[in-house]
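Visitor: There's a structure below that I have some questions on.
The values are calculated or read from the model by the stated rules, or taken from the named source; none is laboratory data. None of the values given here were measured: they were computed from a predicted structure. Here the Cβ is made from the backbone with ideal geometry for all residues, glycine too, and neighbour counts use every protein chain on show.
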Amino acid sequence: MKPRLDGRRAALAAALLALALVPAVADEFYVVLFTKILVLGIFAMSLDLLVGYTGLPSLGHAAYFGAAAYAAMVLAPESAPANLLLTLPASVLVAALLALATGALAVRTAGMYFIMVTLAFGQMAYFAVHDSPYLGGSDGKLLFARPVVAFGGAAILDFAEPQVYYLLVLACLAGSYGILRAVVQSPFGRVIQGIRVNEARMQALGYATYRYKLASFAIGGAFAGLAGYLAAYQAEYVNPKLLGWQESGLALVMVILGGVGTLHGAVLGSAAIVLLQEFFSELTSHWMLLLGLFIVGSVIWLPHGIVGIRAWARRARTR
Amino acid sequence: MTGEPVIRTDGLTRRFGALTAVDAVSLEFTAGRIHAVIGPNGAGKTTFLNLLSGNLRPTTGSVRLRGREIAGAPVHAIARLGVGRSYQRTNVFPEFTCFENCRLGAQARLSSSMRFFKPADAYAGVNADAERALSLCRLSHRRDDAADVLSHGERRQLELGMMLATSPSVLLLDEPLAGMGAAEAGLMLDLIKGLASDHTIVLVEHDMDAVFSTADVITVMVGGRALETGTPAAIQVSPAVREAYLGAAKGAPAP
Ligand SMILES: Nc1ncnc2c1ncn2[C@@H]1O[C@H](COP(=O)(O)OP(=O)(O)OP(=O)(O)O)[C@@H](O)[C@H]1O
Ligand SMILES: [Mg+2]
């Protein structure tokens, strides 16, 4: 037990170090690409908490991602950079509160109904933004500049450089992973995993399962919001697509492709999708087709996702 | 009967459309006794347990737990009042280890599990309760095995252990011996008898030899009604019971 755990720690530390070195060794193009991977990695991890740990297959998770992105836009001054220390927590809070409000209804349902209800809430959020001139309608809106970290009016840290912004995103990913890992190992985490397997049994043991599902939904929404805030400022632009069902579906594909119920699998899934999109789109204009085939193939041959490759290879060798 | 009843039902009734599955049942269950509920298939035994545990709401009637009305309360609230429940179909968490199954039971005794940061296995009291439950259900040697590799009998033991980990005062057992071989059933019966002194046990069971050898009180249910309640000896010679159930349906033990 123990050595494996330490092995995992070492692998994590090595991965983090390697990622931290990306801006030092790679072109700006790759820095931007990796920023995208990490932002969507946070988003996919937040969905994994729902899908892989709580058993809540949301198809509307982008609503919280997009809500925080739009909150970042609304909170940003017209012609000056926003203060990250104020707007990041506020945007995350907006996403969490929206998740709490919609989740209060959604987690009362299960299975197919849950999928339908989350999809419906997601589309409502999409059209609310899409049809609002104040929020920029279907065109979206530009953000004036990346945020800064400011104390008493003086900016002490500026994220205009893609390399610096990348490091901010990496720090957020590492922090999110650390917090979510602690959460799934906490008493709360054990309860939601029990709910995923058998909710009725958990009730019979004395757990008020509704509250735990709702709390999980809100925590997932908060981290989706963190990712949405970072996505908005990476592009320095928000548009309604951030809240659409395609975005929710993409996150679900990342989670499944990477390996459900593992957290780090979600980040690997994000890397796979972003890199394949990039790779296939250079090969052909029909890259969506190639990506689709790849996803179908991997779901068939890699049922446990990318994180399942090691076990799969071990089996193949002994066969 | 001696002692205050721990559970008392009054006119407890549950209808499913035109069918009255439990029909005006008024019974008392006393601490320290094994009270068996027997009856042919479809008699309403499981439905009766579901009404006690909160899995179903009664159509009419009341359920009192130590004088407190609990009819219609949610399952988790009733569980927290000390009512443990096992199911006719084995109901454990197959992918979790035996220890983790029991730990989930023990953790349910925390005032709340809305605890997000400290690791679950750092709660020493919870761990100790889980280990105790594992040894009570005699599965300590299987501690780190996943529940889905256990034999059927062991899984039923684990279900009992998970329930005991919540430290219930009332045990509602729905056919705990079903599908077991003689040795497994013997072990389970021993376990149940050992729990009788400090629990209130409601035992639904089809195995007549087991019921007549362990129960202190037997209620016979037929068609949703509690036909008769008495000691095993009294039930065995009751003409009404013989006619409605023992004689007609399955093999009654020879008197
Ligand atoms: N949820 C339900 N909806 C409709 N009818 C039900 C429901 N649950 C039970 N019944 C019916 O109520 C009656 C009593 O069922 P119950 O399961 O309580 O019987 P039982 O005594 O436990 O039988 P067995 O010995 O086979 O377990 C049966 O006719 C059954 O079909
Ligand atoms: Mg039954």
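Visitor: Which one is nearest to the other protein chains (Cβ to nearest Cβ), of the residues in the range B:114-131 that are surrounded by 17 or more Cβ atoms within 10 Å (Cβ to Cβ) and among the small types (Gly, Ala, Ser)?
Guide: So the residue we want is B:ALA120.
Visitor: Sticking with this one: Residues to consider are A:LEU85, A:LEU56, A:LEU49, A:LEU21; find the one that is in contact with a helix residue (DSSP H, G or I) (Cβ under 8 Å, 6 or more places away or on another chain) and in a helix (DSSP H, G or I).
Guide: Going through A:LEU85, A:LEU56, A:LEU49, A:LEU21 in turn, just one is in contact with a helix residue (DSSP H, G or I) (Cβ under 8 Å, 6 or more places away or on another chain) and in a helix (DSSP H, G or I): A:LEU49.
Visitor: Any idea how many residues of the range B:70-84 are modelled with pLDDT under 95 and facing chain A (nearest Cβ under 8 Å)?
Guide: 0
Visitor: Tell me, please, whether a residue that is surrounded by 22 or more Cβ atoms within 10 Å (Cβ to Cβ) and at the interface with another protein chain (Cβ under 9 Å from one of its Cβ atoms) can be found in the range B:134-156.
Guide: No, there is no match, as no residue in the range B:134-156 is surrounded by 22 or more Cβ atoms within 10 Å (Cβ to Cβ) and at the interface with another protein chain (Cβ under 9 Å from one of its Cβ atoms).
Visitor: Here's something else I'd like to know. Go through (1) within 14 Å of chain A (Cβ to nearest Cβ); (2) surrounded by fewer than 16 Cβ atoms within 10 Å (Cβ to Cβ); (3) within 30 Å of B:THR20 (Cα to Cα) for B:SER111 and report which single condition fails.
Guide: Only one criterion in (1) within 14 Å of chain A (Cβ to nearest Cβ); (2) surrounded by fewer than 16 Cβ atoms within 10 Å (Cβ to Cβ); (3) within 30 Å of B:THR20 (Cα to Cα) is unmet by B:SER111, namely (3).
Visitor: Does the range A:187-226 hold any residues that are more than 7 Å from every other protein chain (Cβ to nearest Cβ), charged (D, E, K, R) and surrounded by fewer than 24 Cβ atoms within 10 Å (Cβ to Cβ), and which are they?
Guide: Selection gives A:ARG196, A:GLU199, A:ARG211.
Visitor: Working only within the range B:24-34, note down all residues that are in contact (Cβ under 8 Å) with a residue 60 or more places away in the chain and more than 16 Å from ligand 2 (Cβ to nearest atom).
Guide: Result: B:ALA24, B:SER26, B:LEU27, B:PHE29, B:THR30, B:ALA31, B:GLY32, B:ARG33, B:ILE34.
Visitor: Taking the options A:GLY249, A:GLY258, name whichever one is touching a Ser or Thr at 6+ places or on another chain (Cβ under 8 Å) and of a type outside the set (D, E, K, R).
Guide: The conditions single out A:GLY258.
Here's the yes/no breakdown for (1) more than 17 Å from the chain's Cα centre (by Cα); (2) within 16 Å of ligand 2 (Cβ to nearest atom); (3) within 14 Å of another protein chain (Cβ to nearest Cβ); (4) farther than 19 Å from B:ASN50 by Cα:
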| position | (1), (2), (3), (4) |
| --- | --- |
| B:ASP174 | no, yes, yes, no |
| B:MET188 | no, no, no, yes |
| B:LEU195 | no, no, no, yes |
| B:ASP198 | no, no, no, yes |
| B:ILE218 | no, no, no, no |
| B:GLY224 | yes, yes, no, no |
| B:PRO232 | yes, no, no, yes |
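Visitor: Considering only residues that are in contact (Cβ under 8 Å) with a residue 60 or more places away in the chain, among the β-branched types (Val, Ile, Thr) and more than 22 Å from A:ALA13 (Cα to Cα), which ones fall in the range A:261-304?
Guide: The answer is A:ILE273, A:VAL274.
Visitor: Still on this structure: Going residue by residue through the range B:36-51, is there one that turns out to be within 16 Å of ligand 1 (Cβ to nearest atom) and touching a Pro at 6+ places or on another chain (Cβ under 6 Å)?
Guide: Within the range B:36-51 (the criterion being within 16 Å of ligand 1 (Cβ to nearest atom) and touching a Pro at 6+ places or on another chain (Cβ under 6 Å)), the answer is yes, since at least one residue qualifies.
Visitor: Among the candidates B:THR9, B:THR13, which residue alone is more than 16 Å from ligand 2 (Cβ to nearest atom), on the phi < 0 side of the Ramachandran plot and buried (at least 22 other Cβ atoms within 10 Å of the Cβ)?
Guide: Answer to the selection: B:THR9.
Visitor: Determine, yes or no, whether A:ALA14 is surrounded by 12 or more Cβ atoms within 10 Å (Cβ to Cβ), of a type outside the set (S, T, N, Q) and either more than 13 Å from the chain's Cα centre (by Cα) or within 27 Å of A:ASP158 (Cβ to Cβ) (or both).
Guide: no
Visitor: Can you give me the number of residues within the range B:181-221 that are out of contact with any Asp or Glu (no Cβ under 8 Å at 6 or more places or on another chain), of a type outside the set (Asp, Glu) and within 16 Å of ligand 1 (Cβ to nearest atom)?
Guide: 6
Visitor: Examine the range B:62-85 for a residue that is without any contact (Cβ under 8 Å) to a residue 60 or more places away in the chain and within 16 Å of ligand 2 (Cβ to nearest atom), and state whether such a residue exists.
Guide: Among the residues of the range B:62-85, not one is without any contact (Cβ under 8 Å) to a residue 60 or more places away in the chain and within 16 Å of ligand 2 (Cβ to nearest atom), which makes the answer no.
Visitor: Which residues, counting only those in the range A:230-239, are in a helix (DSSP H, G or I) and surrounded by fewer than 24 Cβ atoms within 10 Å (Cβ to Cβ)?
Guide: A:GLN234, A:ALA235
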